[in-house]
Amino acid sequence: MTPSPLMSLAGGVLIGASALLLMALSGRIAGVSGITGGLLNAPRGDRAWRLAFLVGMLLGGLALLRIDPAALPQSLPAGLPLVVLGGFLVGFGARGGNGCTSGHGVCGLGRRSRRSLVAVLVFISTGMFAAQVLRPLLGGVP
């Protein structure tokens, strides 16, 4: 399957609907960093839904790999050390920003959180800076 605007819209609707259902049915926010971070130190009764959420994300990726392997990259976009460093920086930023892009962008903005609005503006401006300034300096395609 080739990505299209309609498929992108459908994916966005599914993400929004799942975040809305999680909030409506359990009062929980579908921020991945908060769900993951809370899994390690959550009270016993709070671990099952977190684990189910993360397993569901993994199974969704595996299902996509099975249905349309070309939809996922077949190799790393950079060397393994750089990818690991990038993952560490994303985790550090999510922790420092009190949430990840999914939590602030999808759930926070949906709840009209001012803190999430500021966070999303910082995410977007930092990403634009990295794409336009840092990426060419590091040898990436402008």
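Highest GNM mean-square fluctuation among 78, 24, 48, for the chain modelled with Cα contacts below 10 Å: 78. Inter-label distance, residue 130 to residue 88: 1.5 nm, where each label sits 7 Å from its Cα along the C-beta direction.
How much length, in nm to one decimal, is gained on full extension between residue 118 and residue 26, taken as 0.36 nm per residue of separation minus their Cα-Cα distance? Don't skip to the answer; put the middle values down first.
Details: separation 92, 0.36 × 92 = 33.12 nm, distance 2.61 nm.
Separation in residues times 0.36 nm, less the Cα-Cα distance, equals 30.5 nm.
Rounded to the nearest 0.05, the FRET efficiency derived from the C-beta distance between residue 80 and residue 18 at R0 = 30 Å is 0.45.
Checking the a/c ratio against 1.5 first, then a/b against b/c, what shape does the Cα gyration tensor give for the stretch 27-142? Oblate is the answer for the stretch 27-142, as a/c is 1.5 or above yet b/c matches or exceeds a/b. The mean accessible area for residues of the stretch 36-126, using a 1.4 Å probe and ignoring ligands and nucleic acids, is 74 Å² per residue.
Label-to-label distance for residue 46 and residue 67 is 3.3 nm, based on points extended 7 Å past Cα in the beta-carbon direction. Residue 26 exposes around 60 Å² of accessible area when a 1.4 Å probe is run over every protein chain in place.
Taking all protein chains together and rolling a 1.4 Å probe, residue 117 ends up with roughly 90 Å² accessible. Estimate the FRET efficiency between residue 36 and residue 6 by the formula 1/(1 + (r/R0)^6), using the beta-carbon distance for r and 30 Å for R0, to the nearest 0.05. Once the sixth-power term is evaluated, E becomes 0.45. The Cα atoms of the stretch 1-70 give a gyration tensor whose axes a ≥ b ≥ c have a/c of 1.5 or more with a/b no greater than b/c, which makes the shape oblate. In the chain, a dipole from Cβ-located charges (positive for Lys and Arg, negative for Asp and Glu) runs towards its positive end, and of 87, 126, 40 it is 40 whose Cα lies farthest in that direction. Counting only protein heavy atoms and a probe of 1.4 Å, the accessible surface of the chain is 73% carbon and sulfur.
The values are calculated or read from the model by the stated rules, or taken from the named source; none is laboratory data. Keep in mind that what you see is a predicted model, and the values were worked out from it rather than measured. Neighbour counts run over all protein chains shown; Cβ positions are idealised from the backbone, glycine included. For the accessible areas, the whole protein counts, side chains as well, though only heavy atoms, and no ligand, DNA or RNA atoms are used. Shrake-Rupley method; radii C 1.70, N 1.55, O 1.52, S 1.80 Å.
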